[in-house]
Amino acid sequence: MSSTAASPTTARPAWQTELARGFRNPGELVAALDLPPEWAAAAHSGHDEFPTRVPRGFVARMRPGDPTDPLLRQVLPLADEEMRDSHFHTDPVGDLGAMGTPGVLHKYHGRALLIVTGACAVNCRYCFRRHFPYGAAHAARDQWGPALKHVAGDPTLTEIILSGGDPLSLPDHRLAELAGHLGDIPHLQRLRVHTRLPIVLPERVDGGLLDWLAAGRLQPIVVLHANHANELDDSVARACGRLRDAGVTLLNQAVLLRGVNDSVDSQCALSERLFELGVLPYYLHQLDRVAGATHFLVPETEARTLAAALTERLPGYLVPTLAREDAGAPAKTPLITPRHG
């Protein structure tokens, strides 16, 4: 196996300390932002089903006293999560049906996705895997053995996607071990990491992470997840700069969310700010219809109108692809044909 990082040490990385300091109680989050206490009372049922989890640095970017803050709306449980709709499900994109080997999702030609952990730094209230059975369906079991056997046995695969949860919640020695094993599989060319940690916890982009990303044989791609320009402060800019300097290609995927980023102005600001940070807008996802997130849905007709307006306001390279993921489909479904200019 190609080794790409040192073995674990006793020193705790700074990012893990910051992660442990995060808010875990909606009442504490509400109090920290000077919101009326009734917001905490309304949060309890949602918190009981899908616990509150948010780093303090991310909360510091929110506007105190404003319950409509676009960053807060993504992480604060609401009574609206109790609404039920027959079109919203616990497995909205068919993950379980696409998993032959535990923790390996093989939906699309040429690439497979590994569920490497169920842990995240932040529990986004619209998360499409908020009901996923991580305990029984992750790729880390038996030292990655079954997952690696699956990947090695399929020569049509050229790209592996690390997902979760958030893969960067794992310590670097574990990720380096996995990256080394994947690098030893000759038909693989690229390693893609889907992560929100550099956005909500930019301390995660440290030397240990950069070492194994840069040292491996596979071309590294990091797909970030930012939904609003206010998420992208100077600390995130520095983290993105370090990733770029290590030779990592940076893309962003956002989710279109009611009350968060469902305006042309907010989407334009997000794309412009991402490009300032050296990140290309990649996807703007129509909300995956997961149970508990009905209040975030932007109707598809509105989404198409918004996306069409973006093509008139932005150069083509700053317009993310508006797309929907349908369970069992061979690819994501584009919802508008861009008019690049």
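The values are calculated or read from the model by the stated rules, or taken from the named source; none is laboratory data. Note that the structure is a prediction, hence the values are computed from the model and not measured. Note that each Cβ is placed from the backbone with ideal geometry, even for glycine, and that neighbours are counted across all protein chains shown.
Filtered by the rule that a residue be under 19 Å from ARG21 (Cα atoms) and not aromatic (Phe, Trp, Tyr), the range 35-63 gives HIS47, PRO51, THR52, ARG53, VAL54, PRO55, ARG56, GLY57, VAL59, ALA60, ARG61, MET62.
May I ask you to say which residue of LEU157, LEU168, LEU178 is modelled with pLDDT of 95 or more, touching a strand residue (DSSP E or B) at 6+ places or on another chain (Cβ under 8 Å) and more than 25 Å from HIS109 (Cβ to Cβ)? Before you say what the answer is, go through the steps one by one.
On the way: LEU157 fails: more than 25 Å from HIS109 (Cβ to Cβ); LEU178 fails: more than 25 Å from HIS109 (Cβ to Cβ).
Going through LEU157, LEU168, LEU178 in turn, just one is modelled with pLDDT of 95 or more, touching a strand residue (DSSP E or B) at 6+ places or on another chain (Cβ under 8 Å) and more than 25 Å from HIS109 (Cβ to Cβ): LEU168.
Scanning the range 107-119 for residues that are buried (at least 22 other Cβ atoms within 10 Å of the Cβ) and part of a loop (DSSP other than H, G, I, E, B) yields VAL116, THR117.
Please list, ordered by residue number, the helices (runs of 4 or more DSSP H) wholly in the range 121-213 having 1 or more residues that are crowded, with 23+ Cβ neighbours inside 10 Å and charged (D, E, K, R). I'd like the intermediate steps shown before the answer.
Values: elements: 145-152, 172-183, 197-200.
Correct list: 172-183.
For ASP91, are the conditions met, namely being assigned to a loop (DSSP other than H, G, I, E, B), at pLDDT 95 or above and out of contact with any Lys or Arg (no Cβ under 7 Å at 6 or more places or on another chain)? No; evaluated as a whole, the condition is false for this residue.
Working only within the range 289-340, note down all residues that are of a type in the set (Asp, Glu) and in a helix (DSSP H, G or I).
The answer is GLU300, GLU302, GLU312.
Using the structure shown, decide if GLY100 is under 30 Å from PRO186 (Cα atoms) and either surrounded by 19 or more Cβ atoms within 10 Å (Cβ to Cβ) or in contact (Cβ under 8 Å) with a residue 24 or more places away in the chain (or both). Yes: the conditions hold for GLY100. Going through (1) modelled with pLDDT under 85; (2) assigned to a helix (DSSP H, G or I) one by one, TRP39 falls short only on (1).
Listed by first and then second residue, the pairs linking a residue in the range 31-49 that is without any contact (Cβ under 8 Å) to a residue 24 or more places away in the chain and within 14 Å of LEU78 (Cα to Cα) to a residue that is in a helix (DSSP H, G or I) and of a type in the set (Val, Ile, Thr), with Cβ atoms under 7 Å apart and 6 or more places separating them unless they lie on different chains, are PRO37/VAL30; ALA40/VAL30.
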